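Asks: Please find one structure pasted underneath; my questions will follow.
The values are calculated or read from the model by the stated rules, or taken from the named source; none is laboratory data. Predicted model, so just to flag it, every value in this text is computed and none were measured. Note: ideal-geometry Cβ built from the backbone for every residue, glycine included; neighbour counts use all protein chains shown. The protein model used for the area step is the full one, side chains on, heavy atoms only, and it has no ligands, DNA or RNA in it. Shrake-Rupley method; radii C 1.70, N 1.55, O 1.52, S 1.80 Å.
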Amino acid sequence: MKETETGSSDLTPLLADADSLENQSPRGLASVSGAVFNICTTMVGAGIMSIPATVKVLGIIPGFAVMFMIAVLVDITVEFLLRYTQSGKSTTYAGLMAESFGSLGSLAVQICVMVTNLGCLIIYLIIIGDVLCGNESGGTLQLGVLQEWFGIQWWNSRAYVILFVVLFVMLPLVFLPHMNSLRHSSAISILLAVVFIAISSAMAIYAFWKGKTQNMRLLPDFANQVSIFDLFTTVPVLVTGFGFHVNIHPIRSELSRPSDMSYAVRISLAISIAIYFSIGFFGYMLFGESIMSDILVNFDQNSDSAIGQLVNNTVRLSYAMHLALVFPVINFSLRTNIDELLFAKKPVLAKDKSRFTILTCLLLALTYTIAIVIPNIWYFFQFLGSTTVVCLSFIFPGAIVLRDVHGISRRKDKVMAILVIIMAILTSMIAIATNLWTVG
């Protein structure tokens with residue numbers, strides 16, 4: 001918060017209390033473009049590979065419509081958070097919930113952030129290990145890129161390769177104390193996502209030119225494969241793909257003008273919609289009904305020729321590097337929330353170098369250990385993530401508006417908040433029930 005030109009004294013308590021994130025980096029260093037890169041990177045993570053499968057289930061027209069609808073709802077809930085942050089004293093998501101619901105509200109946000117972000121980080125390391133070192137599923141050994149190039153060696157086993165990536169790629173990035181410092185790596189991660197889209201679109205257009213593209217459905221195929229409940233299973237995937245609420249406050253705090261955050265959010269949402277729809281459309285166009293829940297599997301199955309192998313390796317390596325660069329952005333809010341939970345009375349984390357170093361190293365070590373020891377943790381976090389991401393993106397912002405401790409909510413805000421909460425709860429319950437039924 002900045003003091004107004006009149007220097008009104010009633011802003012003094014606000015300035016005194018707003019020290020958790022406001023003082024972590026000097027105002028004015030972060031630009032709108034840097035905020036856009038960091039927001040986009042928060043959204044466009046591992047879920048990009050699942051987008052074509054959701055388009056297959058929904059069909060092209062409903063697929064784009066659902067993406068657009070979720071993006072609009074995300075924009076609304078982000079505006080809720082920004083408005084209440086501007087009106088209150090808190091500069092963190094957990095602090096914002098504490099203003100409305102006390103310590104239990106703050107704890108709920110922190111638990112959801114820890115479950116969601118830690119789960120994402122573990123999954124990122126597992127995927128990077130699968131890409132570089134391969135995996136074994138159902139008795140079938142799938143070789144990684146390094147094993148295809150150099151054979152199976154001790155040094156290209158999962159434990160050593162992931163350790164190398166953690167120490168020499170991720171560690172230098174997670175030690176950066178400010179979100180704005182990650183803008184360049186975030187820009188590269190988005191560029192790598194665009195590279196993947198360019199490869200997929202070029203292959204799809206070439207296949208179309210040769211008359212080898214698959215038939216695409218504009219609407220869901222209720223007659224044969226898809227039930228109405230299957231449609232709801234796609235919603236958590238897309239909600240996760242647009243969920244960046246955990247990084248709103250760290251990014252906002254570093255902008256020279258906090259009001260620019262709304263502008264940065266809308267640009268980021270537009271970019272993410274373009275990325276998701278492009279990969280969904282061209283991926284579905286290329287592989288049709290044979291599209292898998294992870295499109296990388298389809299690239300593996302079409303790598304018999306030398307060119308196919310080159311394309312497959314390029315896609316897999318760019319994806320692995322993309323996740324490695326998303327890692328520090330997700331880690332930032334995880335570390336901030338854990339520190340806020342454990343050391344609420346301590347100085348700002350970025351100013352306490354020893355606490356910052358210890359917490360960063362412990363988190364990285366914990367993530368690495370779980371990824372190595374339990375490489376099949378995906379499904380556990382898939383169900384929890386469907387719940388926690390929905391809470392962070394829709395339920396908590398809606399609850400803040402309904403509580404309205406600052407008296408700034410309009411009637412239409414409360415109506416929208418109720419609708420968002422009801423939609424979030426219903427879709428999550430149906431999606432979880434359908435997934436449990438399918439697994440069972």
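Asks: Looking at (1) in contact (Cβ under 8 Å) with a residue 24 or more places away in the chain; (2) over 30 Å from residue 208 (Cβ atoms), which is the one condition that is false for residue 269?
Replies: (2)
Asks: Looking only at region 264-283, decide whether some residue is among the polar types (S, T, N, Q), more than 30 Å from residue 216 (Cα to Cα), part of a helix (DSSP H, G or I) and open to solvent by less than 20 Å² (accessible area, probe 1.4 Å). It would help to see each step written out before you state the result.
Replies: Narrowing region 264-283 to residues among the polar types (S, T, N, Q): 268, 272, 278.
Then keep just the ones that are more than 30 Å from residue 216 (Cα to Cα); that gives none.
No: zero hits.
Asks: Could I ask something else about it? Considering every residue within region 300-313, establish whether at least one is under 22 Å from the mean Cα position of the chain (by Cα), acidic (Asp, Glu) and surrounded by 15 or more Cβ atoms within 10 Å (Cβ to Cβ). Quick ask: steps written out before the conclusion?
Replies: As a first pass, look at region 300-313 and keep what is under 22 Å from the mean Cα position of the chain (by Cα): none.
Among the residues of region 300-313, not one is under 22 Å from the mean Cα position of the chain (by Cα), acidic (Asp, Glu) and surrounded by 15 or more Cβ atoms within 10 Å (Cβ to Cβ), which makes the answer no.
Asks: Residue 248 passes all but one of (1) under 25 Å from residue 431 (Cα atoms); (2) of a type outside the set (Asp, Glu); (3) at pLDDT 90 or above; which number fails?
Replies: Just one mismatch for residue 248, condition (1).
Asks: Is it the case that region 315-327 has a residue that's polar (S, T, N, Q), part of a helix (DSSP H, G or I), open to solvent by 10 Å² or more (accessible area, probe 1.4 Å) and within 17 Å of residue 57 (Cα to Cα)?
Replies: Initially, region 315-327 is screened for residues polar (S, T, N, Q), giving 318.
From the residues that got through so far, the ones that are part of a helix (DSSP H, G or I) too are 318.
Next, from what is left, pick out any that are open to solvent by 10 Å² or more (accessible area, probe 1.4 Å): 318.
Imposing the further condition that a residue be within 17 Å of residue 57 (Cα to Cα) reduces the set to none.
No, region 315-327 contains no residue that is polar (S, T, N, Q), part of a helix (DSSP H, G or I), open to solvent by 10 Å² or more (accessible area, probe 1.4 Å) and within 17 Å of residue 57 (Cα to Cα).
Asks: What about residue 76, is it of a type in the set (Val, Ile, Thr), surrounded by 15 or more Cβ atoms within 10 Å (Cβ to Cβ) and either at negative phi or at pLDDT 90 or above (or both)? Can you show your working first?
Replies: Working: of a type in the set (Val, Ile, Thr): yes; surrounded by 15 or more Cβ atoms within 10 Å (Cβ to Cβ): yes; either at negative phi or at pLDDT 90 or above (or both): yes.
In short, yes.
Asks: Any idea which of 174, 195 is in contact with a helix residue (DSSP H, G or I) (Cβ under 9 Å, 6 or more places away or on another chain), open to solvent by 30 Å² or more (accessible area, probe 1.4 Å) and of a type in the set (A, V, I, L, M)? Spell out the reasoning first.
Replies: Details: 174 fails: open to solvent by 30 Å² or more (accessible area, probe 1.4 Å).
None of the other options fit; the residue is 195.
Asks: Being modelled with pLDDT of 85 or more, of a type in the set (Val, Ile, Thr) and under 19 Å from residue 309 (Cα atoms) is true for just one of 169, 131. Which residue is that?
Replies: On the way: 169 fails: under 19 Å from residue 309 (Cα atoms).
On inspection, the qualifying residue turns out to be 131.
Asks: Looking only at region 284-299, count how many residues are assigned to a helix (DSSP H, G or I), in contact (Cβ under 8 Å) with a residue 24 or more places away in the chain and either open to solvent by 10 Å² or more (accessible area, probe 1.4 Å) or of a type in the set (A, V, I, L, M, F, W, C) (or both).
Replies: Quick first cut of region 284-299, residues assigned to a helix (DSSP H, G or I) only: 284-290, 295-299.
Within this subset, residues satisfying the condition of being in contact (Cβ under 8 Å) with a residue 24 or more places away in the chain are 284-290, 295-296.
Now drop any that are not either open to solvent by 10 Å² or more (accessible area, probe 1.4 Å) or of a type in the set (A, V, I, L, M, F, W, C) (or both), which leaves 285-287, 289-290, 295-296.
Number satisfying all stated conditions: 7.
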